[in-house]
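Have a look at the structure below, then the notes.
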Amino acid sequence: ISRRRSDRAVESTMALVTSVRDYINRMLQDISGMKVLILDSETVSNVSIVYSQSELLQKEVFLVEMIDSISASNESMSHLKAVYFVRPTSENVQKLRHQLANPRFGEYHLFFSNLLKDTQIHILADSDEQEVVQQVQEFYADFVAGDPYHFTLNMAANHLYMLPAVVDPSGLQRYSDRVVDGIAAVFLALKRRPVIRYQRTSDTAKRIAQETAVGEIKLMYQQESGLFDFRRTESSPLLLVIDRRDDPVTPLLNQWTYQAMVHELIGLQDNKVDLRAIGSLPKDQQVEVVLSSEQDAFFKSNMYENFGDIGMNIKRMVDDFQQVAKSNQNIQTVEDMARFVDNYPEYKKMQGNVSKHVTLVTEMSKLVEARKLMLVSQTEQDLACNGGQGAAYEAVTDLLNNESVSDIDRLRLVMLYALRYEKENPVQLMQLFNKLASRSPKYKQGLVQFLLKQAGVEKRTGDLFGNRDLLNIARNMARGLKGVENVYTQHQPLLFQTMESITRGRLRDVDYPFVGDHFQQGRPQEVVIFMVGGTTEESRCVALQNSTNSGIRFILGGTAVLNSKRFLMDLEEAQRISRSGSHMV
């Protein structure tokens with residue numbers, strides 16, 4: 001067995017979806033004949049998010065299997081060629097070792113999503129006694145590219161970043177290793193060697209930044225025939241590792257733009273929405289639907305639009321569809337019939353798309369009304385963006401007493417209030433804690449206090465509420481005088497300020513130190529910001545920033561894609577482990 005590495009870098013636009021699609025194309029198109037594609041629990045997301053089932057069929061992939069189920073079966077399928085795309089974990093290599101000992105398929109083509117160790121190569125070579133392995137390659141797609149400039153690692157144990165290393169050292173090491181692997185894959189795909197910086201106040205961000213730098217040094221020594229160009233140039237990309245806890249506000253807010261709102265109210269996993277969770281829908285509509293900017297033109301142009309505009313745009317789409325449907329009813333000649341048959345697949349696709357978006361917006365409208373989210377959101381935005389502790393206390397108290405407000409919305413309101421007014425009027429803060437406990441029986445005692453311990457003012461680097469830095473205070477005043485276009489979307493994630501600082505060359509070394517001997521002269525042209533703990537509405541922030549043509553291209557990555565429910569689940573799990581002092585995760 002000889003190892004070959006991918007020798008093609010991602011194009012300079014750094015669009016990650018394109019790079020992963022390109023890898024999969026190259027994996028499948030050079031292998032002729034009927035194929036089975038074998039994935040693991042992580043690469044199945046990497047592939048499914050950028051490649052549809054019908055596209056796989058066009059590449060003669062007639063079966064998609066998981067590596068675990070392949071291991072459990074002995075049925076011979078020698079007429080099929082097996083294309084494996086898996087992570088280079090010791091578990092996967094052991095499974096492959098067993099499968100190669102008794103091969104079920106005619107040929108084996110092995111692709112790994114990251115760097116293989118030499119020992120793993122030897123294990124595979126020793127196992128291939130029947131010489132069925134045709135090739136072993138490394139294709140660096142060890143991440144889930146949800147949008148062109150946003151990737152995630154979909155980490156299940158996402159809460160680990162909140163725990164001190166002593167609580168679960170091995171768990172945190174696995175967490176850190178997986179993040180470093182994911183970041184390394186991005187830069188291996190880009191064929192770039194980054195300058196690395198990290199958020200000073202986060203031990204986890206520092207650890208990941210330093211371990212990424214160590215991995216980078218190892219790669220320099222592993223260079224083979226110039227396949228990787230790791231020279232630092234004047235415009236080396238910047239990798240900035242930051243911590244979700246520096247901005248705990250954004251994942252606690254209700255969202256009012258299309259993609260973020262779907263994820264917040266219904267749930268979006270790997271660009272798929274499971275409508276089966278909505279019991280009120282007719283049986284034929286209880287399906288899983290795809291929401292992808294790559295496959296759905298309406299979604300691509302509306303994913304960052306606010307809810308009011310979405311309603312108008314969907315009405316326009318419905319009107320257009322009705323015109324097409326009306327012309328299809330007017331079939332009078334053989335030519336009309338032939339035209340209808342030719343256009344039928346496109347007509348059915350359009351019908352499905354209209355139905356999907358109408359269903360989503362209708363269901364979200366019902367939830368907004370039932371949970372009084374417009375009322376709740378107005379107070380959330382005031383807490384996030386405006387001053388006035390007394391008025392905020394009254395508004396939160398009124399909503400805690402409102403029977404229509406759900407338990408999760410009550411909890412989020414008290415958390416936002418506590419983050420904003422942590423140091424003001426502790427008596428009133430304690431009164432809100434008590435009222436929350438009495439109104440929400442499921443509330444876990446001490447969760448708000450745990451959030452403050454994790455992400456309170458003493459722990460944060462950035463100017464979260466725009467009230468520390470003179471420039472931010474002036475900006476907020478100017479914004480207040482001009483008025484805000486939409487009261488529900490006035491909040492901007494802290495990442496917006498961070499990107500602005502990078503663009504202006506003002507990211508402070510004292511707050512975001514360089515790793516080792518790294519330094520950077522001038523502005524970088526490419527920036528990867530990795531958020532330990534997960535991303536949320538920041539993906540919109542990055543897309544909008546990239547559309548301004550500032551001369552810097554940003555990519556955002558994270559350990560997970562959060563909504564408020566997931567953020568609170570991570571917080572609860574970290575609190576539980578901290579309380580029990582357990583070493584089990």
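In this entry, residue 559 is excluded by the filter for residues that are within 24 Å of the chain's Cα centre (by Cα), within 30 Å of residue 378 (Cβ to Cβ) and open to solvent by less than 20 Å² (accessible area, probe 1.4 Å). When the residues of the range 165-193 are filtered to those that are assigned to a loop (DSSP other than H, G, I, E, B) and β-branched (Val, Ile, Thr), the one that is farthest from residue 206 (Cα to Cα) is 167. Selection of the range 291-326 for residues being hydrophobic (A, V, I, L, M, F, W, C) and either in contact with a helix residue (DSSP H, G or I) (Cβ under 8 Å, 6 or more places away or on another chain) or open to solvent by less than 60 Å² (accessible area, probe 1.4 Å) (or both) yields 291, 298, 299, 303, 307, 310, 314, 317, 318, 321, 324, 325.
Residues are listed down the side, and each one gets a yes or a no for (1) of a type in the set (Ser, Thr, Tyr); (2) touching a residue at least 12 places away in the same chain (Cβ under 8 Å); (3) under 30 Å from residue 495 (Cα atoms):
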position: 114; (1), (2), (3): no, yes, yes
position: 119; (1), (2), (3): yes, no, no
position: 123; (1), (2), (3): no, yes, no
position: 127; (1), (2), (3): yes, yes, no
position: 135; (1), (2), (3): no, yes, no
position: 138; (1), (2), (3): no, yes, no
position: 145; (1), (2), (3): no, yes, yes
position: 151; (1), (2), (3): no, yes, yes
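Residue 74 falls short on exactly one of the conditions (1) of a type outside the set (Asp, Glu); (2) farther than 28 Å from residue 560 by Cα; (3) part of a strand (DSSP E or B), and that condition is (3). Taken across the range 279-288, residues that are touching a residue at least 24 places away in the same chain (Cβ under 8 Å) and of a type in the set (Val, Ile, Thr) do not occur at all. For the range 345-367, which residues satisfy the criterion of being among the charged types (D, E, K, R), open to solvent by 60 Å² or more (accessible area, probe 1.4 Å) and modelled with pLDDT of 85 or more? 366, the sole residue that qualifies.
Every condition in (1) at pLDDT 95 or above; (2) polar (S, T, N, Q); (3) touching a strand residue (DSSP E or B) at 6+ places or on another chain (Cβ under 9 Å) is met by residue 76 except one, and the failing one is (1). For the range 525-551, taking the residues that are part of a loop (DSSP other than H, G, I, E, B) and under 11 Å from the mean Cα position of the chain (by Cα), the one that is nearest to residue 500 (Cα to Cα) is identified as 537.
Sub-7 Å Cβ pairs linking a first residue in the range 162-188 that is within 23 Å of residue 139 (Cβ to Cβ) to a second residue that is among the aliphatic types (A, V, I, L, M) and assigned to a helix (DSSP H, G or I), at least 6 apart or interchain, are 179/208; 180/208, ordered by first then second residue.
Restricted to the range 460-514, and to residues there that are among the polar types (S, T, N, Q), within 19 Å of residue 538 (Cα to Cα) and in a loop (DSSP other than H, G, I, E, B), the residue that is modelled with the highest pLDDT is 492. Applying the condition of being under 32 Å from the mean Cα position of the chain (by Cα), open to solvent by less than 20 Å² (accessible area, probe 1.4 Å) and not hydroxyl-bearing (Ser, Thr, Tyr) to the range 416-432 and asking which residue is farthest from residue 247 (Cα to Cα) yields 418.
Of all residues in the range 77-98, those being within 33 Å of the chain's Cα centre (by Cα) and open to solvent by less than 30 Å² (accessible area, probe 1.4 Å) number 10.
For the range 99-124, the set of residues classified as open to solvent by 40 Å² or more (accessible area, probe 1.4 Å) and either among the aromatic types (Phe, Trp, Tyr) or farther than 21 Å from residue 189 by Cα (or both) consists of 101, 102, 107, 119, 122, 123, listed by residue number. Might you let me know whether the range 251-270 holds any residue that is among the β-branched types (Val, Ile, Thr), in contact (Cβ under 8 Å) with a residue 40 or more places away in the chain and part of a loop (DSSP other than H, G, I, E, B)? Yes, that holds for at least one residue. Of the numbered criteria (1) of a type outside the set (D, E, K, R); (2) in contact with a helix residue (DSSP H, G or I) (Cβ under 8 Å, 6 or more places away or on another chain); (3) not in a helix (DSSP H, G or I), the one residue 417 fails is (3).
The values are calculated or read from the model by the stated rules, or taken from the named source; none is laboratory data. Remember, it's a predicted structure, so these values are computed and weren't measured experimentally. We place every Cβ from the backbone using ideal geometry, glycine too, and count neighbours over all the protein chains shown. Only protein heavy atoms, including side chains, enter the accessible area calculation; ligands, DNA and RNA are left aside. Shrake-Rupley method; radii C 1.70, N 1.55, O 1.52, S 1.80 Å.
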